[in-house]
1. Express in Å², to the nearest 10, the accessible area of Arg97 obtained by rolling a 1.4 Å probe over the protein heavy atoms while all chains stay in place.
2. At a Förster distance of 22 Å, what's the computed FRET efficiency of Lys98 paired with Lys60, Cβ-Cβ distance as r, to 0.05?
3. Among the listed pairs Lys64/Lys113; Lys60/Lys113; Lys89/Lys113; Lys72/Lys113, which have their C-alpha atoms separated by more than 22 angstrom in this model?
4. Any idea of Cys74's accessible area? Nearest 10 Å², probe 1.4 Å.
5. Taking the Cβ of His61 as the center, what net charge do the other residues with Cβ under 13 Å away carry, scoring Lys and Arg +1 and Asp and Glu -1?
6. For the residue pair Leu110 and Glu46, what label-to-label distance in nm results when each label sits 7 Å from Cα along the Cα-to-beta-carbon direction?
7. Stretched out fully, how many nm does the piece from Glu79 to Trp67 gain, at 0.36 nm a residue minus the Cα gap?
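The values are calculated or read from the model by the stated rules, or taken from the named source; none is laboratory data. Given the structure is predicted, the values throughout are model-derived calculations rather than measurements. Don't worry about glycine lacking a Cβ; one is built from the backbone with ideal geometry, like all the others, and counts go over all protein chains shown. To get the accessible areas, we keep the full protein, side chains included, count just its heavy atoms, and leave off ligands, DNA and RNA. Shrake-Rupley method; radii C 1.70, N 1.55, O 1.52, S 1.80 Å.
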Amino acid sequence: SNSISIMTITEVLENDPFKSRNPENKPLLRVKDIENTTPIGRQEEEPICDYDDEPALLFKHISKRSWVDVAKRCAGHPEEIHTWIVRYKKSKQGNQRKVRWELLPLHAALIFKSPL
């Protein structure tokens with residue numbers, strides 16, 4: 001049968017599958033290991049939409065917590081799943097735009113406590 005086993009945080013830590021591979025509990029990453037890697041976050045070539053101009057419909061459904069509509073939109077428009085929603089700060093000069101925040105629909109779903 002397919003049953004789900006729920007574990008407490010303590011049980012997860014005690015049954016850590018990586019513990020046997022790292023018995024001395026050494027850091028798994030060192031600064032020199034990640035110095036030349038790509039930064040985490042939006043990459044230049046990834047699609048974006050401006051939150052204030054016209055956010056993607058997927059993001060609108062997420063912000064309304066319309067989870068059935070979210071699932072339908074993901075199925076029908078998978079390109080929106082990896083489209084970054086970006087909100088810009090309004091500058092005093094008016095010609096410069098700085099990013100206030102940027103997130104993927106997945107991040108928004110977590111913020112809005114998606115049950116899916």
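1. Around 140 Å² of this residue is reachable by solvent.
2. 0.35
3. Working: Lys64/Lys113 11 Å; Lys60/Lys113 14 Å; Lys89/Lys113 26 Å; Lys72/Lys113 18 Å.
The pairs that break the limit, which is 22 Å between Cα atoms, are Lys89/Lys113.
4. Accessible surface of Cys74 is approximately 40 Å².
5. Working: positive: Lys60, Lys64, Arg65, Lys72, Arg73; negative: Asp69, Glu80.
Neighbour charge sum, excluding His61 itself: +3.
6. 1.2 nm
7. Numbers: separation 12, 0.36 × 12 = 4.32 nm, distance 1.77 nm.
Result for the pair: 2.5 nm of gain on full extension.
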